[in-house]
1. Cβ-Cβ under 9 Å, sequence separation 6+ or interchain: first residue in the stretch 121-137 and outside any helix (DSSP H, G or I), partner of a type in the set (Lys, Arg). Which pairs?
2. Cβ-Cβ under 9 Å, sequence separation 6+ or interchain: first residue in the stretch 25-48 and closer than 24 Å to Leu14 by Cα and aromatic (Phe, Trp, Tyr), partner part of a helix (DSSP H, G or I) and open to solvent by 80 Å² or more (accessible area, probe 1.4 Å). Which pairs?
3. Tell me, please, whether a residue that is in contact (Cβ under 8 Å) with a residue 60 or more places away in the chain, over 25 Å from Tyr7 (Cβ atoms) and part of a helix (DSSP H, G or I) can be found in the stretch 102-119.
4. Restricting to the stretch 33-51, name every residue that is over 31 Å from the mean Cα position of the chain (by Cα) and either among the acidic types (Asp, Glu) or open to solvent by 50 Å² or more (accessible area, probe 1.4 Å) (or both).
5. Looking only at the stretch 75-105, filter to residues that are closer than 19 Å to Asp141 by Cβ and over 19 Å from the mean Cα position of the chain (by Cα); which one of those is surrounded by the most Cβ atoms within 10 Å (Cβ to Cβ)?
6. Does any residue of the stretch 51-60 turn out to be touching a residue at least 40 places away in the same chain (Cβ under 8 Å), in contact with a Lys or Arg (Cβ under 9 Å, 6 or more places away or on another chain) and in a loop (DSSP other than H, G, I, E, B)?
Amino acid sequence: MGGKITYVFLSTALVLVFGVVAMEGVLLLMTGEPAAMGMGAVAFVLPCLGGWFLWANTRFARDANRLARELAAEGGLPRDDLARTPGGRIDRDVADEVFARRRAETEEAPGDWRTWFRLAVAYRDARDTPRAREAMQRAIDLHAGRPAPTRPGADTPDLAPHGPGTRTDDRGTHAE
């Protein structure tokens, strides 16, 4: 509950900042000076982009939480009983083992939103947030009955052939 209150508080503060920036943008547009009008146009567009980003993330979180509640009611929510490091992070080797299991489940039933939800949790446990969001979005799309998009040129959804056990270097290239 504390996370929701923090999210609502920060979102409200962000919307207020968007409003102030948009009003400043309007004032700059009304000056009639070309440079100020250009800055005013940018100051007016930025809150629109920020508002879209806030809405998209809020909708994603709401949909993911709805799936989590439904999966919990079915008794299919993954348990959080993984071994942790002294610092509280999930042990990487354990996370990789769970990921391999979840990946195999998803490959067996690629049209089931439940397997994609559990795969997203496994990605998150392995600290691969971009793929976790992608897998969760696929679960949301499948649950809603929308066709889940695949990567361009791919016949099947991306199940991260490199997996979370593959480390990346500073340039983002995979290193074994």
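The values are calculated or read from the model by the stated rules, or taken from the named source; none is laboratory data. The structure displayed is predicted, hence computed values, not measured ones. Here the Cβ is made from the backbone with ideal geometry for all residues, glycine too, and neighbour counts use every protein chain on show. For accessibility, only protein heavy atoms count, side chains too; no ligands or nucleic acids. Shrake-Rupley method; radii C 1.70, N 1.55, O 1.52, S 1.80 Å.
1. That search, which allows pairs on different chains as well, returns Ala126/Arg92; Arg127/Arg89; Arg127/Arg92.
2. As it stands, the answer is Phe44/Glu24, since those pairs meet every condition given.
3. There is at least one residue in the stretch 102-119 that is in contact (Cβ under 8 Å) with a residue 60 or more places away in the chain, over 25 Å from Tyr7 (Cβ atoms) and part of a helix (DSSP H, G or I).
4. Glu33, Pro34, Ala35, Met37, Met39
5. The residue in question is Glu105.
6. The answer is no, given that none of the residues of the stretch 51-60 is touching a residue at least 40 places away in the same chain (Cβ under 8 Å), in contact with a Lys or Arg (Cβ under 9 Å, 6 or more places away or on another chain) and in a loop (DSSP other than H, G, I, E, B).
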